[in-house]
Amino acid sequence: MPGHLVANGAEDPAPCPIGQALPHFFSKLDHWQKEFGSPMLIALSGGGDSMALCRMASQWAKITGAPLYVASIDHGLRPNSATDSAQAIAWARALGLSGEVVRLDDRPAHGGLQAWARQARYQALASVARRVSAKMILVGHTWDDQVETVCWRLARQSGLDGLAGMAELAINPFAQIEAPNLLGRPLLGLKRADLRAWLIYEGQDWLEDESNQNLDFARIRTRKLVQEMAAQGVDLERIVRLAAIADALRSAQEHASWDLLTRCKLTPVEAGWQLNAASLSEGEPVVIERALGWLIYSLTQTERAPEAEKLGRLVEGLMANPAQPRTLGGVRVARKGDKFFFELAPARRGQLAVQSPTRQSQYARLLGISRQPHEFVTQ
């Protein structure tokens, strides 16, 4: 066995909280299966978190008869990565699940390995999901990952969306528009230590990744910082509660923004959108800002919507002088009669023209950024 393999521990370990959490976990998978269908795809690295996810999901599958498929992504970044991925799939098969290893070879020659690994991993998972007809990819993010995420974003002075942390149900941003899928995080309320205690109780081995000790990685430095905060008596549960509050506020704002676009009779036009100007002006400024940010994002190839400060200036300008066309993020906003029109602005001198979005991609990006998961995967 690899030297970094963690054995199954004590011969007679005590029960742990995960056993009590299993009914809620099963109920969550029941709901997602009913909403998004079968099969589900499990992302399995072989680490403690994903191995716990795989074992818990396999127990649910035995009870319900629901199909599951497992994929282990080998990034090829460590000498033993191929062996680890093969071991992870072997454990999954021992649990009665089918699966495969996907090897990634097109890594960048210089820098950016972590960003590349994340994007390439979710692209590879999306490809497997498409092949096995899965709308849902289960990933093993935990309570601890949520704390680390929020602390990282606090340090970077993130806004409401950042402070909300990871959502339990999210859209895979790297899936192809023709085959959208979702990321499900059923372990987000469970702690890493409890999951490992449960694995020991179950007699299940798992792998430890040596890179989890590498302080060259920002996520590992954040993890160490969180551990130091806990050692100093900081109540980490408060950070999770902060994330929950921010998530509730974000969700309320998103629903209000979607309702506003519906009231404005949002309609696609040639390479853009049109909506009712009078109805738009009736919205709260912060809701208008988010809605307009979505529309701009949906027409471009950027990674995120414009910053809140810039959107605020756009809304102020449109409300003060609606006859004056304005441009933000490469999108021109102009009022014609009782309608606002959003369309790609002409390229500036020396700039390459942005390719006009297709109707499908336009809708897909809007549904994705506005977090309309059911519509996103069933459009």
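The residues in region 176-199 that are aliphatic (A, V, I, L, M), open to solvent by less than 50 Å² (accessible area, probe 1.4 Å) and part of a helix (DSSP H, G or I) can be counted, and the count is 3.
Does ARG332 satisfy the criteria of being out of contact with any Phe, Trp or Tyr (no Cβ under 9 Å at 6 or more places or on another chain) and under 17 Å from LEU280 (Cβ atoms)? So ARG332 fails the test. Report yes if SER85 is without any contact (Cβ under 8 Å) to a residue 12 or more places away in the chain, in contact with a strand residue (DSSP E or B) (Cβ under 9 Å, 6 or more places away or on another chain), over 21 Å from GLN176 (Cβ atoms) and surrounded by 14 or more Cβ atoms within 10 Å (Cβ to Cβ), otherwise no. Judged against the criteria, SER85 is not a match.
Inclusion of LEU95 among residues that are surrounded by fewer than 18 Cβ atoms within 10 Å (Cβ to Cβ) and farther than 30 Å from GLU375 by Cα is not warranted. Within region 318-333, restricting attention to residues that are small (Gly, Ala, Ser) and surrounded by 15 or more Cβ atoms within 10 Å (Cβ to Cβ), the residue that is nearest to the chain's Cα centre (by Cα) is GLY329. Counting just the residues of region 363-379 that are in a loop (DSSP other than H, G, I, E, B) and open to solvent by less than 30 Å² (accessible area, probe 1.4 Å), which one comes out nearest to GLU35 (Cα to Cα)? The qualifying residue nearest to GLU35 (Cα to Cα) is GLN372.
So for region 324-341 (the condition being in a helix (DSSP H, G or I) and either of a type in the set (S, T, N, Q) or more than 20 Å from ALA164 (Cβ to Cβ) (or both)), does at least one residue qualify? No, because not a single residue in region 324-341 is in a helix (DSSP H, G or I) and either of a type in the set (S, T, N, Q) or more than 20 Å from ALA164 (Cβ to Cβ) (or both).
Within region 106-132, residues that are more than 15 Å from ALA43 (Cβ to Cβ) have Cβ atoms under 8 Å from residues that are modelled with pLDDT of 80 or more and open to solvent by less than 30 Å² (accessible area, probe 1.4 Å) in these pairs: ASP106/ALA120; ARG107/ALA117; ARG107/ALA120, counting only partners at least 6 apart in sequence or on another chain. On the stretch given as region 55-95, residues that are within 18 Å of LYS34 (Cβ to Cβ) and more than 25 Å from the chain's Cα centre (by Cα) total 3. Within region 29-41, does at least one residue satisfy the condition of being among the small types (Gly, Ala, Ser), buried (at least 18 other Cβ atoms within 10 Å of the Cβ) and farther than 26 Å from THR378 by Cα? No, the conditions are met nowhere in region 29-41. Do you know which residues across region 300-317 are surrounded by fewer than 15 Cβ atoms within 10 Å (Cβ to Cβ) and in a loop (DSSP other than H, G, I, E, B)? Within region 300-317, GLN301, THR302, GLU303, ARG304, GLU307 qualify.
Would you be able to say whether some residue in region 228-247 is on the phi > 0 side of the Ramachandran plot, in contact (Cβ under 8 Å) with a residue 40 or more places away in the chain and not hydrophobic (A, V, I, L, M, F, W, C)? Checked region 228-247: no residue is on the phi > 0 side of the Ramachandran plot, in contact (Cβ under 8 Å) with a residue 40 or more places away in the chain and not hydrophobic (A, V, I, L, M, F, W, C). The helices (runs of 4 or more DSSP H) falling completely within region 67-175 that include 3 or more residues that are under 24 Å from VAL226 (Cβ atoms) and at pLDDT 90 or above map to 143-155.
Scanning region 62-79 for residues that are touching a residue at least 40 places away in the same chain (Cβ under 8 Å) and either in contact with an Asp or Glu (Cβ under 9 Å, 6 or more places away or on another chain) or surrounded by 15 or more Cβ atoms within 10 Å (Cβ to Cβ) (or both) gives TYR69, ALA71, ILE73, HIS75, ARG78.
The values are calculated or read from the model by the stated rules, or taken from the named source; none is laboratory data. Remember, it's a predicted structure, so these values are computed and weren't measured experimentally. All Cβ positions, glycine included, derive from the backbone under ideal geometry; neighbour counts span all protein chains shown. Note: areas computed on protein heavy atoms with side chains; ligands, DNA, RNA excluded. Shrake-Rupley method; radii C 1.70, N 1.55, O 1.52, S 1.80 Å.
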